[in-house]
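Asker: Before I ask anything, here is the structure I am working with.
The values are calculated or read from the model by the stated rules, or taken from the named source; none is laboratory data. Since we're looking at a predicted model, the values are computed, not measured. Heads up, the Cβs are rebuilt from the backbone with ideal geometry, glycines too, and the neighbour counts pull from every protein chain shown. Note: areas computed on protein heavy atoms with side chains; ligands, DNA, RNA excluded. Shrake-Rupley method; radii C 1.70, N 1.55, O 1.52, S 1.80 Å.
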Amino acid sequence: MRFAITLSDRFKPVLDVFLQAGWQPVKVFCTPVDHRMHHNKMSVAFAEQRKLPLQLSPMRPRDLEELAELGCEALLVGSYNWRIPDWPPYLKYAINFHPSLLPMGRGPYPQVRALLEGHREWGCTCHKVNPEFDAGDILAQERFALGEADSHQMLDIKLQLALHRLSHKLAHDFERLWSEARPQGEGGSYWPLWTDDDRMLDFSRTTAELLRQVRAFGDFECAAVVNNVTFFIHRAEGWVETHGFAPGSLVYSHAEQLLVATGDGMLLISEWSLYGPDAVTGRGRR
């Protein structure tokens, strides 16, 4: 089947599986790099190597019309910041791969909240594209376990493996799964993207809560204020102990490691920076 795909590097397993199954790509749509959620180096390289049309601007109805003229039957949405235009006049199929077990966790990036809320099971969903974000009929899902100490990076890898398995189901049994797709039903939840306040550490909380927050944000990094200085935390460890320090006090520093008092113990911050993850790349970490 001839297909077009919207893509970021995190969703490249989708592309790889459909190629291995003999599907034929005709065009690649990418979201510009934002150094947060969207990286497209491998996706752009794939389009260039295959000499495929590559588009970094929002998809328009005219683009869908041109896909139809190329004999494209299906649009695969792997990662995309913009709304997909009304596609049924031009294409036979349009599906989206979403990193949650829909109908829970609709929204742009549910992974962080999944870790913050301590979910013990997560997964990904393939559903039909419809006018409402992440609400179309479900073709298939893939589930996996989450551990108490799983980090953002671990969840990301588990999701990529699950996307590979899910894509294999779809690529080899697509028309049956499309025809048997089931509605998501009532309920569900929409999880908006986090705010800067969500990333801020409150040292009056327990050490376990703070460590979960650091693990959940991962490379997006948490922020903290110590001695009236705001800095960004990439890695930390901690423990519980009784102490007489006010939460947020800098107890000790050594070899650029910072030991800060928490509500019930200590947080040892070993990788940090004065510049957030949205700053120009190339900044160093302490």
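Asker: Which FRET efficiency, nearest 0.05, do residue 24 and residue 165 yield, Cβ-Cβ r, R0 30 Å?
Answerer: 0.85
Asker: Something else now. Please give the FRET efficiency for residue 256 paired with residue 193, using the beta carbon to beta carbon distance and R0 = 35 Å, rounded to the nearest 0.05.
Answerer: It comes out at approximately 0.65.
Asker: Label the stretch 137-183 by shape, choosing from rounded, prolate and oblate, from the square roots a ≥ b ≥ c of the eigenvalues of the Cα gyration tensor; if a/c is under 1.5 it is rounded, and otherwise prolate applies when a/b is larger than b/c, oblate when it is not.
Answerer: Cα axes put the stretch 137-183 in the prolate bin.
Asker: What value, in deg cm²/dmol to 500, does the helix sum -39500 (n - 2.57) over DSSP H runs of n ≥ 4 give at 222 nm once divided by the residues of the chain?
Answerer: -7500 deg cm²/dmol
Asker: Counting each pair of different Cα atoms once, what's the Kirkwood radius of the chain in Å, rounded to one decimal?
Answerer: 20.6 Å
Asker: Here's something else I'd like to know. Take the solvent-accessible surface of the protein heavy atoms, probe 1.4 Å, and return the percent of it on the chain that carbon and sulfur atoms account for.
Answerer: Ligands and nucleic acids excluded, carbon and sulfur give 52 percent.
Asker: If we sort 159-171, 60-72 on the protection proxy, mean other Cβ atoms within 10 Å, highest first, what's the order?
Answerer: 159-171, 60-72
Asker: Sticking with this one: Could you pull out every one of the lysines with an alpha carbon less than 18 Å from that of residue 41, ignoring same-chain neighbours closer than 8 positions?
Answerer: 12, 27, 51
Asker: Would you list the P(r) distribution for the stretch 95-190, with all Cα-Cα distances sorted into 5 Å bins from 0 and each bin expressed as a whole %?
Answerer: For the stretch 95-190, the pair-distance distribution reads 3, 14, 25, 24, 18, 11, 4, 1.
Asker: What residues from the stretch 80-113 fall in the zone where the backbone N is under 20 Å from a label point 7 Å along the Cα-to-C-beta line of residue 62?
Answerer: It comes to 82-91, nothing else.
Asker: Between residue 208 and residue 177, how many nm apart are label points set 7 Å from Cα along the C-beta direction?
Answerer: 3.8 nm
Asker: Using θ = phi - 60° and the Karplus relation 6.51 cos²θ - 1.76 cosθ + 1.60, list the HN-Hα couplings for the stretch 265-274 in order, rounded to whole Hz, with x at every Gly or Pro.
Answerer: x, 10, 10, 9, 9, 10, 10, 8, 8, 7
Asker: Moving to a separate point now. Any aspartates and glutamates with Cα under 13 Å of the residue 128 Cα? List them, leaving off those in the same chain fewer than 8 positions away.
Answerer: Reachable aspartates and glutamates: 86, 137, 175, 180.
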